[in-house]
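See structure below.
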Amino acid sequence: MCAVAAQATAAIASIRLTLADLVRAHGDSYRRTHRLAKVQTMALRAIAACRTALLGGRRETCDHCGATRLTYNSCRNRHCPTCQSQASARWLAARRDELLPIPYFHVVFTLPHALNALAQGNSRVIYTLLFRAAAETLLAFGRDPRHLGGTIGITAILHTWSQTLSQHLHVHCLVTGGALTRDRTRWIRGRAAFLFPVKALSVVFRAKYLAGLQRAFIEGQLTFAAGTAPLADAGRFAALLAQLRATPWVVYAKRPFGGPAQVLQYLGRYTHRIAISNARLVSLVDGVVQFRWKDYAAGGRPKVMALGVEEFLRRFLLHVLPRGFVRIRHFGLLANRQRRTTIIRARQLLGVPTPAATADTEPVADLDPTLCPVCRQGHWHVVEILRPIAPAFTPPSPDTS
């Protein structure tokens, strides 16, 4: 370990660790010794620069007591844990008025780990197929008259990690417990405690996904390198498909939510979550990162895992999404191009009024962010704009979640 990294590690050990601290201490050396995709390099640079003078900021003064503070700009990168709480709050505010007074179900579709290596070199294709197969499966069951017989609404959220930061590719789906008939003249209420049979969902999901994967191979959409190079052979790829077809796939349905408030609480936990939060980090000492994780095989028992910093960063970077990839998608009656009209129609059929303006229902923050904490009477006012000290820094692309 170089002297600079050693000094940074010693300083970090004495304070509350953040991912940005860890990246500042070891990100440069990791980039020099590992081949990274451009989006991975950009993520590391953005996280390291977040809320530092590199990005500029502002000097503020209290209009009552004269206290002064410096506030630095956020990187806004969607893989930065420091920036995600505000993004989540904005997204939730936009979703609040779209909730209907009906049961909602939480269904999780998981890909077999045998696809992990292929996903590393083909993440955009593999993740897109996951969204498509999960949504098409749910929509097909919703349209089946044996279940609902109409169009359901789905909000799907991609997660690619497990609690230990290893690859665990799955999509969380929030599904309406009811459907709109094709002619939009009737709302079909579903059963309060049951959506669709998960074993049947699993079989259909597997078939749809593998059909899409085979089509992607035939059309040349997949690339093969290193460990996946043998799969470029049609026979080897067919053998992989046969192996996956013979394996049970996991689809899990949780109990329905109690109401819109619980749905919002769920969405707040899942929508803008990233592979690891700052709160889970414990320490960085002598090149070893310790972090908290829940062992679900042991009933969710909390544990602490230790990883070398290189292995920790390798695992974290597995979950950096392709540039511009949308990880929160809506299907059925919640599809973006028709969501507003279908929600209005569903409310009419359910006999419930359109909710009041969002501003009237927004939760009030515990503290006014402009209130001076020194005198607790005055408010902060900007007196100087601080220019970024790294003009070559490339700002992140907009969060397309």
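The values are calculated or read from the model by the stated rules, or taken from the named source; none is laboratory data. It should be emphasised that the depicted structure is a prediction, and the values quoted were computed from it without experimental measurement. Cβ coordinates were reconstructed from backbone atoms using ideal geometry, including for glycine residues, and neighbour counts include every protein chain displayed. The accessibility values were calculated without ligands, DNA or RNA, using every heavy atom of the protein model including side chains. Shrake-Rupley method; radii C 1.70, N 1.55, O 1.52, S 1.80 Å.
See the values below:
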{"item": "Net +/- balance of residues flanking Leu165 in space, Cβ distance below 11 Å, scoring K and R +1, D and E -1", "result": "+2"}
{"item": "Cα→Cβ-extended label distance, 7 Å offset, between Ile344 and Lys199, nm", "result": "4.5"}
{"item": "Potential extension, Thr185-Arg314 segment - 0.36 nm per residue separation minus Cα distance", "result": "41.2 nm"}
{"item": "Asp183 accessible area, 1.4 Å probe, all protein chains in place, Å² to nearest 10", "result": "100"}
{"item": "Loop-located trypsin sites (Lys or Arg not before Pro) in region 195-272 whose Cβ has at most 13 other Cβ within 10 Å (DSSP)", "result": "Lys254"}
{"item": "For region 53-205, with +1 on Lys and Arg beta carbons and -1 on Asp and Glu, the positive-most of Ser162, Pro103, Ala140 along the dipole", "result": "Ala140"}
{"item": "Nearest-10 value in Å² for the accessible area of Arg345, using the 1.4 Å probe", "result": "70"}
{"item": "Rough spin-label spacing in nm, given labels placed 7 Å along Cα→Cβ, for Glu136 and Ser29", "result": "4.8"}
{"item": "Dipole moment magnitude, nearest 20 debye, the chain about Cα centre, only Lys, Arg, Asp, Glu C-beta charged", "result": "980"}
{"item": "Isotropic mean projected area of the C-alpha convex hull, region 143-183 (nm²)", "result": "3.7"}
{"item": "Share of Cα-Cα pairs in the chain lying beyond 37 Å, as whole percent", "result": "33"}
{"item": "Computed FRET value (nearest 0.05) for Arg376 with Arg16, which takes r as the C-beta separation and R₀ as 35 Å", "result": "0.90"}
{"item": "Contour minus Cα-Cα distance for Arg273 and Val288 (0.36 nm per residue)", "result": "3.0 nm"}
